[in-house]
Each structure stands twice: as structure tokens, then as C-alpha cells.
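Everything below concerns the one structure shown next.
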Amino acid sequence: MKILQDISLKQYNTFGINSNAKYFAEINSEEDLRKALSLEEYPDKFIISGGSNMLITGPLDAFVLHINLKGISIVAENENNINLKVSAGENWHELVLWTLERNFGGLENMSLIPGNAGTAPIQNIGAYGVELKDNFVSCEAMNISTQKIETFSKADCNFGYRDSFFKNEGKGKYVITAITLKLTKKNHQINTSYGAIEDELGRNNITNPTLKDISNAVIAIRQRKLPDPKVLGNSGSFFKNPVISKDEFGIFSKAHPEAPFYKVSDDSYKIPAGWLIEQCGYKGKRFGDAGVHKNQALVLVNYNNATGKEILDLACKIITDVKKSFGISISPEVNIIK
Ligand code: EPU
């Protein structure tokens, strides 16, 4: 393991923020990770993997460990299912394609989500009616203070909407090294409940979709709405969709009967933050090199050389305006790194 100094993190975060790390190392094995975490002369460690869910707002005066653990293996199998163990540094979308080539079902709705396998549990990634937790068995993570590997079951992970143990009690305490997923070999659970998928399949006259058809539909929808981070820096949805109570929803929907919403439970409703932000006039707006994507107001973009601080200022302006216009608080989904 080589420790480098003053390394730009631009290629390691999908927002393309050009901030430097004081110290930096590639982590290619569990042994590298154990060693790096135990180095007491670098007290502040910062873990970066796919860098797809973070906004770096300044230089990182820390020892940045880039998780590059690779490998996919079958750890259990029967007639109907297969369990895959996937190392943390595997690219998520390449993993999805790998499973589809072998006709393993479960991940197709989550095609083209940026990031790596190891960070998927942290925010319980999800798209088009499916979340990671629906296929999740367990994960392994190294305890930062003991450098021992611990196993977390699905229950231990305490998954919620874009939420898990690793964003709460476990925050800053673990580095996920591998995840285990359970996929189907036959009788696949095709999920077209998300309207946009049905529309896309209908347009292509597909009535009996395969896993690959679902994946292709999701890819087409995402490519229309979401910018490719390789072309335009971004971190996917910048904000979470706010969940409001039944009473708040009553007041909101009376004032805005045209607003889209999803009922989450008898007492809670989710409002698309993209709609709220668009109503405030931000969709497609650009402020210097920071902007709001023209096809999806939930996504903030870096046109070229925006600093993390400029993106953060824009996010704060949006939060204030949404609150002023609708009385609803929205909050970032991405991790803000100060
Ligand atoms: N909408 C607008 N204007 C916009 C964007 C959205 O009016 O600019 C409204 C529309 O009514 C639309 C509704 O919001 O029908 C929902 O939009 P969309 O289907 O694009 O989904 P979303 O709620 O904006 C969420 C996830 C996405 C995920 C999609 C599809 C969050 C924070 N985001 O977005 O996840 O791909 O659903 O399942 O839950 C991500 O987390 O990075 C991400 C892209």
C-alpha cells in the first residue's frame, strides 16, 4: 500500500469536485484496509468508494482510503435461488449487467445507479419500485477501531427509505467490505409497478418482459432524466423526497391539488421534491458552474469547475425557497463533506 500526498479527488467523486486529499491510498485487499486503519500517525481517515453520493466542500485534511476491493462469487445455490457475495469496490451497474447475463433476477430495476456495491447498503439504494433491501442477505464490514470483520444481517442493517444503521448508530464506525445478495434463477418477480416502466415497455410493444427488457426500460428512462456523471458532474438525487403527516398533507393538497404524491402509510405522504423545486422555478437554472438539471429538478449538476461550496450554496437557497413557498422542509440525500 502506497501513501500519496496532495491528490486531487476530482476523478474519485461523480460530482467532479476538484478538492485535494492531504493523504491518499488505494485499498486493494482487506489486509491493506486493516493496515491503513491501524496507522495512528493518520488519525483522520476518510473512506471513498464510488464517490457517487457525496459533495466534498473543501480540501480534505485527512487520509483518504479509496476502496478498490474486487470479486463476485457464488456462495450458495439451490434450484430457485443464488446467493452472490460481492466485494465492496465492484461497480454497481456492472454487477447488475453481470447478473443479467446469467439470467439472475432481482437487480434489474436498479440498473444504471452510480456507485459501488459496498456503498449500496449505506443508503439502501433504490429505484423504480425496488430497493437494495429486497435482495439483501447480509454484509461484512471492518470495524474501524478494532479492524475486525463483523457480519450484519438484514435486520442489523435497519433499512429505511435511503437510510440504514450505517447512516445512524454505525456512522463513521465501519467500512463495508462485501455484500451478499439473494437473486432468483427462475420464477423471477418482474416488477413493473412504477408507471414509467409500463409506459416504456408499452412504447416498445413488450407485453411479457424479460429481466433484460426491464433493465433496458430502466436504462432508457434514467438516460432521459438523469445526466451521465461522466459528461456532467452530479450525484443523482441531491435531496430526499419529504415525508409529511396526514394533517400536513391535508393542508398542502388543498392549496396544491395538482401536486403529485405517494401515500406511504395511513399517516404519511411522500411529495416528490423534484416537483416542489420545479415549482420554485429552479429547473434548468444555472448559477456560474452550479445548476439544477433541465430534466430532473432533484439533481444538482456541476457544469465544469463548480466548487463544492457553490453547489452547497445553491442547495441551501433551494431548501429555503421550498420552505418559504410550501412550508415543507427538504433535506439533502447526499453526504455533505465539510
Ligand atoms: N417531478 C417534477 N419535476 C421534476 C422531477 C420530478 O414535477 O423535475 C415529479 C413528477 O411528477 C414525477 C415525480 O416527481 O412524476 C417523480 O419523479 P421521478 O419518477 O423522477 O422520481 P423521483 O421521486 O424524483 C426517485 C428517486 C430516484 C429514483 C426514482 C425512480 C429519491 C430521492 N429519488 O426520484 O433515485 O431513480 O425515484 O425510482 O427517492 C437517486 O437516489 O439518486 C435517484 C436518482
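Note on segment 204-219: among residues that are away from the ligand (no atom under 16 Å from the Cβ) and part of a helix (DSSP H, G or I), the one that is least open to solvent (accessible area, probe 1.4 Å) is LEU211.
The number of residues in segment 84-115 that are open to solvent by 20 Å² or more (accessible area, probe 1.4 Å) and in contact with an Asp or Glu (Cβ under 7 Å, 6 or more places away or on another chain) comes to 0.
For segment 318-329, indicate whether the set of residues that are in contact with a Ser or Thr (Cβ under 9 Å, 6 or more places away or on another chain), in a loop (DSSP other than H, G, I, E, B) and more than 9 Å from the ligand (Cβ to nearest atom) is non-empty. No. None of LEU226, LEU312 is within 11 Å of the ligand (Cβ to nearest atom), out of contact with any helix residue (DSSP H, G or I) (no Cβ under 9 Å at 6 or more places or on another chain) and at negative phi except LEU226. Residues satisfying the criterion are present in segment 255-271 (criterion: within 15 Å of the ligand (Cβ to nearest atom), of a type in the set (Val, Ile, Thr) and surrounded by fewer than 16 Cβ atoms within 10 Å (Cβ to Cβ)).
Pairs are defined by a Cβ separation below 9 Å, a sequence spacing of at least 6 or placement on different chains, a first member in segment 20-39 that is closer than 16 Å to ALA62 by Cβ, and a second member that is of a type in the set (Ser, Thr, Tyr) and open to solvent by less than 60 Å² (accessible area, probe 1.4 Å); the pairs so defined are ASN20/SER8; ALA21/SER8; ALA21/TYR12; LYS22/TYR42; TYR23/TYR42; PHE24/TYR12; LEU33/THR177; ALA36/TYR42.
Looking only at residues of segment 120-149 that are in contact with a Pro (Cβ under 8 Å, 6 or more places away or on another chain) and in a strand (DSSP E or B), we find that the one that is surrounded by the fewest Cβ atoms within 10 Å (Cβ to Cβ) is PHE136. Can you find, within segment 229-249, the residue that is farthest from the chain's Cα centre (by Cα) among those that are surrounded by 19 or more Cβ atoms within 10 Å (Cβ to Cβ) and part of a strand (DSSP E or B)? For segment 229-249, the residue satisfying everything is ILE244. What do you reckon, is GLU278 within 9 Å of the ligand (Cβ to nearest atom), open to solvent by 70 Å² or more (accessible area, probe 1.4 Å) and not assigned by TED's automatic domain parsing to the domain that holds GLY50? Here the answer is yes, as GLU278 does meet what is asked. In summary, SER49 fulfils each of the numbered conditions (1) open to solvent by less than 10 Å² (accessible area, probe 1.4 Å); (2) under 25 Å from SER237 (Cβ atoms) with the single exception of condition (1).
Scanning segment 169-203 for residues that are crowded, with 19+ Cβ neighbours inside 10 Å, touching a residue at least 60 places away in the same chain (Cβ under 8 Å) and part of a helix (DSSP H, G or I) returns a single hit, ILE197. Within the span defined as segment 252-259, every residue fails to be touching a strand residue (DSSP E or B) at 6+ places or on another chain (Cβ under 7 Å) and not in a helix (DSSP H, G or I). Cβ-Cβ contacts under 6 Å between residues 6 or more apart (or on different chains), taken from a first residue in segment 294-323 that is within 20 Å of ASN53 (Cβ to Cβ) to a second residue that is hydrophobic (A, V, I, L, M, F, W, C) and part of a helix (DSSP H, G or I), are listed as ALA297/ILE277; LEU298/ALA273; LEU300/ILE311; ILE318/ILE277. When segment 1-35 is limited to residues that are among the charged types (D, E, K, R) and touching a Leu at 6+ places or on another chain (Cβ under 8 Å), the one that is surrounded by the fewest Cβ atoms within 10 Å (Cβ to Cβ) turns out to be LYS22. Exactly one residue out of PHE166, PHE152, PHE252 is in the same structural domain as LEU298 (by TED's automatic domain parsing) and either surrounded by 17 or more Cβ atoms within 10 Å (Cβ to Cβ) or within 16 Å of the ligand (Cβ to nearest atom) (or both): that is PHE252. When segment 292-307 is limited to residues that are touching a helix residue (DSSP H, G or I) at 6+ places or on another chain (Cβ under 9 Å) and away from the ligand (no atom under 13 Å from the Cβ), the one that is farthest from GLU333 (Cα to Cα) turns out to be ALA306.
The values are calculated or read from the model by the stated rules, or taken from the named source; none is laboratory data. Since the structure is predicted, the reported quantities are computational estimates derived from the model, not experimental observations. Using ideal geometry, Cβ is built from the backbone for each residue, glycine included, and neighbour counts are taken over all protein chains shown. Heavy atoms of the whole protein, side chains included, go into the accessibility calculation; ligands, DNA and RNA do not. Shrake-Rupley method; radii C 1.70, N 1.55, O 1.52, S 1.80 Å.
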